[in-house]
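Undergrad: Can you keep this structure in mind? I'll have questions shortly.
The values are calculated or read from the model by the stated rules, or taken from the named source; none is laboratory data. Computed from a predicted model, the values in this text were never measured in an experiment. All Cβ positions, glycine included, derive from the backbone under ideal geometry; neighbour counts span all protein chains shown.
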Amino acid sequence: MHEILVAFLAIAGYVSGEVFLKENFDSSNWEDTWIYSKHPGKELGKFVLSAGSFFNDEKADQGIQTSQDARFYAVSRKFDGFSNEDKPLVIQFSVKHEQNIDCGGGYVKLFDCSLDQTDMHGESPYEIMFGPDICGPGTKKVHVIFSYKGKNHLINKDIRCKDDVYTHFYTLIVKPDNTYEVLIDNEKVESGNLEDDWDFLAPKKIKDPNAKKPEDWDDKATIPDPDDKKPEDWDKPEHIPDPDATKPEDWDDEMDGEWEPPMVDNPEFKGEWQPKQLDNPNYKGAWEHPEIDNPEYTPDDKLYLRKEVCTLGFDLWQVKSGTIFDNVLITDDVELASKAAAGVKETQAGEKKVKEAQDEEQRKKDEEEAKKSSDKDDEDDDDEEDDKDDSKSETEQSEHDEL
């Protein structure tokens with residue numbers, strides 16, 4: 001699919017290959033280009049440069065990691081502003097929820113050049129928000145949100161994100177034909193048309209406000225059989241006195257009142273009688289409200305267009321810290337992004353190998369600690385028995401001396 005798109009763009013006269021932002025956090029000076037927000041009223045957390053506690057390649061896998069629990073995180077980087085008019089827009093980055101996140105964001109936001117980076121916060125207007133969001137078992141989704149005419153629009157589809165502890169690449173491709181793709185680990189998980197999958201525009205069709213169902217329209221598929229009559233012996237009580245019940249011998253009518261047997265379900269009860277149903281000869285089917293063109297609908301072939309993209313920010317909340325962000329890429333080159341994410345499987349395999357070794361080592365330590373604890377408990381029990389025996393011997397000796 002990507003090759004077809006690149007070939008099409010080449011035929012159309014567009015040559016891709018421009019990189020607007022690339023950040024692999026391979027330098028300790030990353031904070032020289034990334035600006036922390038100082039927005040008041042929020043407990044803001046700090047990012048630290050780290051590859052985490054398990055990795056495939058410590059240097060290559062180094063990213064910025066959330067370091068404090070129950071904190072807002074707000075940091076951004078500005079770059080030369082650009083427009084994606086008549087070309088693809090590719091947003092890609094990697095996320096590693098090493099802490100096995102229970103509730104927190106893992107997404108990025110793209111802003112225009114008007115953003116005050118030192119005051120970035122949750123209400124700051126943005127162009128696109130993209131990436132995973134997890135909170136409990138009910139929320140494990142990939143957000144794809146576009147701003148359109150001053151309003152944020154969420155995708156109408158549910159895209160499930162990854163929820164394990166390994167590195168995953170998230171890629172959003174927005175194309176100039178108003179289509180899009182979402183990829184996870186270089187594999188397409190969703191795609192479609194911007195107009196169809198977001199509520200940017202008013203619907204093309206609406207129900208005709210002047211149309212009404214005809215009064216003689218019969219939409220009942222069946223009718224009661226007029227010749228069906230209820231049997232004379234149909235009506236039976238739902239409950240009857242228990243025929244096997246007997247008055248207790250110690251029952252006193254004067255003290256306890258008149259004895260009545262308990263009620264039980266009547267096996268002859270048939271419920272409410274309903275006549276048989278017949279096909280309705282006048283049935284016309286379900287009436288469908290006719291539709292007309294919506295006068296408020298206006299097509300827009302520029303839904304994809306971001307007139308100015310200038311800043312990328314991480315603006316999120318995490319209950320439990322430990323997420324590592326890396327491999328940030330904004331480009332118009334679909335193939336370049338694909339190549340940048342091509343090593344993700346190798347990265348995951350390396351991470352799993354190291355983590356499994358760590359888990360095995362921890363398991364052995366836990367077993368040793370449990371054994372030591374058990375042995376100490378046994379020694380304490382033996383000491384208590386010895387103390388009891390010594391006490392018993394002293395008592396017996398004392399009794400013997402008294403005799």
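Undergrad: Could you please find all residues in the stretch 256-285 being surrounded by fewer than 12 Cβ atoms within 10 Å (Cβ to Cβ) and under 19 Å from Asp216 (Cα atoms)?
TA: Result: Asp279, Pro281, Asn282, Gly285.
Undergrad: With respect to Ala342, is the statement that it is small (Gly, Ala, Ser), under 25 Å from Val75 (Cβ atoms) and touching a residue at least 40 places away in the same chain (Cβ under 8 Å) true?
TA: No; evaluated as a whole, the condition is false for this residue.
Residues checked against (1) over 30 Å from Leu49 (Cβ atoms); (2) modelled with pLDDT of 95 or more:
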| position | (1), (2) |
| --- | --- |
| Lys247 | yes, no |
| Glu268 | yes, no |
| Ala286 | yes, no |
| Tyr297 | yes, yes |
| Leu305 | yes, yes |
| Asp315 | no, yes |
| Phe325 | no, yes |
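Undergrad: Follow-up. Can you say whether Phe25 is at positive phi, modelled with pLDDT of 95 or more and under 33 Å from the mean Cα position of the chain (by Cα), as far as the supplied structure shows?
TA: Yes, satisfied.
Undergrad: Report the residue count in the stretch 295-320 for those that are surrounded by fewer than 23 Cβ atoms within 10 Å (Cβ to Cβ) and in contact with a Cys (Cβ under 9 Å, 6 or more places away or on another chain).
TA: 5
Undergrad: Give the residue, chosen from Asp199, Asp164, Asp177, that is over 17 Å from the mean Cα position of the chain (by Cα), part of a loop (DSSP other than H, G, I, E, B), more than 25 Å from Asp332 (Cβ to Cβ) and charged (D, E, K, R).
TA: Among Asp199, Asp164, Asp177, only Asp199 is over 17 Å from the mean Cα position of the chain (by Cα), part of a loop (DSSP other than H, G, I, E, B), more than 25 Å from Asp332 (Cβ to Cβ) and charged (D, E, K, R).
Undergrad: Separate question: Hey, among His239, His153, His168, which residue is touching a residue at least 24 places away in the same chain (Cβ under 8 Å), out of contact with any helix residue (DSSP H, G or I) (no Cβ under 8 Å at 6 or more places or on another chain) and over 27 Å from Tyr297 (Cα atoms)?
TA: Result of the check over His239, His153, His168: His239.
Undergrad: If only one of Phe54, Phe47 is among the aromatic types (Phe, Trp, Tyr) and closer than 16 Å to Leu316 by Cα, which one is it?
TA: Phe47
Undergrad: Would you pick out the residues in the stretch 83-130 that are farther than 30 Å from Gly350 by Cβ, outside any loop (DSSP other than H, G, I, E, B) and among the hydrophobic types (A, V, I, L, M, F, W, C)?
TA: Passing the criteria: Leu89, Leu110, Phe111, Ile128, Met129.
Undergrad: Also, I was wondering about something else. Among residues belonging to the stretch 90-100 that are out of contact with any Cys (no Cβ under 9 Å at 6 or more places or on another chain) and farther than 17 Å from Ile173 by Cβ, point out the one that is surrounded by the fewest Cβ atoms within 10 Å (Cβ to Cβ).
TA: Across the stretch 90-100, the extreme among qualifying residues is Asn100.
Undergrad: Among the residues that make up the stretch 173-194, is at least one of them farther than 30 Å from Lys284 by Cα, at pLDDT below 95 and out of contact with any strand residue (DSSP E or B) (no Cβ under 7 Å at 6 or more places or on another chain)?
TA: No; the residues of the stretch 173-194 include none that is farther than 30 Å from Lys284 by Cα, at pLDDT below 95 and out of contact with any strand residue (DSSP E or B) (no Cβ under 7 Å at 6 or more places or on another chain).
Undergrad: Also, I was wondering about something else. List pairs: first in the stretch 244-272 and free of Cβ contacts under 8 Å to residues at least 12 places away in the same chain, second surrounded by 10 or more Cβ atoms within 10 Å (Cβ to Cβ) and β-branched (Val, Ile, Thr), Cβ under 9 Å, 6+ apart or cross-chain?
TA: Final answer for the pair search is Asp244/Val264; Pro267/Ile240.
Undergrad: Here's a follow-up. Restricting attention to the stretch 132-161, report how many residues are surrounded by 13 or more Cβ atoms within 10 Å (Cβ to Cβ), in a loop (DSSP other than H, G, I, E, B) and charged (D, E, K, R).
TA: Summing the residues that are surrounded by 13 or more Cβ atoms within 10 Å (Cβ to Cβ), in a loop (DSSP other than H, G, I, E, B) and charged (D, E, K, R) in the stretch 132-161 gives 1.
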